[in-house]
Amino acid sequence: MGSKNRSTDYKITLFAGLFQGLRTAYGTYCPETGKHRQVKQMVKKTTLYRHLKGIEPFGFYPLVGNATRIGVVDFDNHDPEHPLGFIIRAHHFGLASYLEKSKSKGYHAWIFFSKAGVPAKKVRLVIQYILDEIDCSETEIFPKQNRIVNKNSYGNFINAPLFGKFVPQGRTVFIRPDATLKPYPDQWDVLESIQRIHENQLDTIIDINQLERERVKEKINSSNNRFSRFGLPICIQRILVEGVSFEQRVACFRIAVHLKRIGLPYDVAVAALYQWSKRNRPIDGKRLITFHEIEEQTKWAFKNSYNGYGCQEPVIRSFCDSICPVRNQRF
Ligand code: SF4
């Protein structure tokens, strides 16, 4: 992974300084099955050592309150055209970004920010703008939220690069952003030369391109349409796509209320919720919500007339977005 004589301690310190977020919990996955889980323990040096040695993968929660030290775009596809396009476009805005070959398929484009962290809202706004420019609007961005809203939510973790077991296979390594896509021969050279972006650079991009104004326009449009996609509020759209990690029954009930409101028959709603349940990643060793439980929650939702959006529920609120017209009326 590197030819220079660097001590293990030095490498762990360098790695910890770059791939850092919440200290009180982290994520991991089974290298064989890819199954994710959360570990509610402090991130220690040994956690990172085990990752770099290929014993247990380490993923970190980038959001600490509303701040993040990284922004990552997850290109979930073998085709390098879009990731390379992103790197070039980001460079145009003065944003150094680094391409990693992910563990299974696709690529991650990493941008690193000041050690003190920068507002995730600005990071997401700028990255989304670049993705819109290269016609990749739907590509996933980490952090996935603008902020952590309560102590029960952590956001989503991102797998750190350089998992020791995969490195010799050319996976989870930083690669050249050119036609060769070859891994850099010394990954530690890459980490040592990472450029960090400061908040004022994001502010300049946001000001020059009037991104806040564009955002306001979007808000007005979405207010006019009430809810843009399928008549569902943004929190429910996101929950359906991303799944939840806690309060599965509450989330199921709230989704069912919305599915009833937009006119889905009971059976179709149950089938949709069953498909959705497979995206959930329950934490604390909890199991997935069962088909029977889904039926129960859906029955309750369809039996009575519920008008509330469930904005006060922690699981719903953790997917809230300021563009929602309901939020603008409530908060
Ligand atoms: S305001 Fe309520 S309905 Fe709108 S996104 Fe937030 S939680 Fe959902």
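Summary of computed values
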item: Beta bridges per DSSP with both ends in the chain, % antiparallel, nearest 5; result: 95 percent
item: Separation of the A16 and K40 label points, Cα + 7 Å toward Cβ, nm; result: 2.4 nm
item: Label-point separation in nm, D135 to E212, each point 7 Å along Cα→Cβ; result: 3.3 nm
item: For segment 226-330: relative contact order, % (alpha-carbon pairs under 8 angstrom, 6 or more apart); result: 40 percent
item: Full-stretch length increase - K151, V250 - with 0.36 nm per residue and alpha-carbon distance subtracted; result: 33.9 nm
item: Protection proxy ranking of 38-45, 268-275 - average other beta-carbon atoms within 10 Å, highest first; result: 268-275, 38-45
item: Straight-distance crosslink candidates among lysines, where the alpha carbon sits under 16 Å from K286 and sequence neighbours closer than 8 are dropped; result: K35, K40, K278
item: Chain lengthening between E192 and Q312 when straightened (0.36 nm per residue, less Cα-Cα); result: 38.8 nm
item: Rg ratio (alpha-carbon, reference 2.2 N^0.38 Å) - the chain; result: 1.04
item: Helical mean residue ellipticity (222 nm; -39500 (n - 2.57) per DSSP H run of 4+; nearest 500) of the chain; result: -12000 deg cm²/dmol
item: Potential extension, H292-D321 segment - 0.36 nm per residue separation minus Cα distance; result: 7.3 nm
item: Inter-label distance, nm, simple model (7 Å from Cα along the C-beta direction), D284/D203; result: 4.1 nm
item: Dipole moment magnitude, nearest 20 debye, the chain about Cα centre, only Lys, Arg, Asp, Glu C-beta charged; result: 1080 debye
item: Computed E for W300/D79 - FRET, C-beta separation, R0 51 angstrom, nearest 0.05; result: 0.70
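Every number here is computed from the coordinates shown, using simple stated rules; none is lab data. These numbers were taken from a predicted model, which means no experiment stands behind them. Don't worry about glycine lacking a Cβ; one is built from the backbone with ideal geometry, like all the others, and counts go over all protein chains shown.
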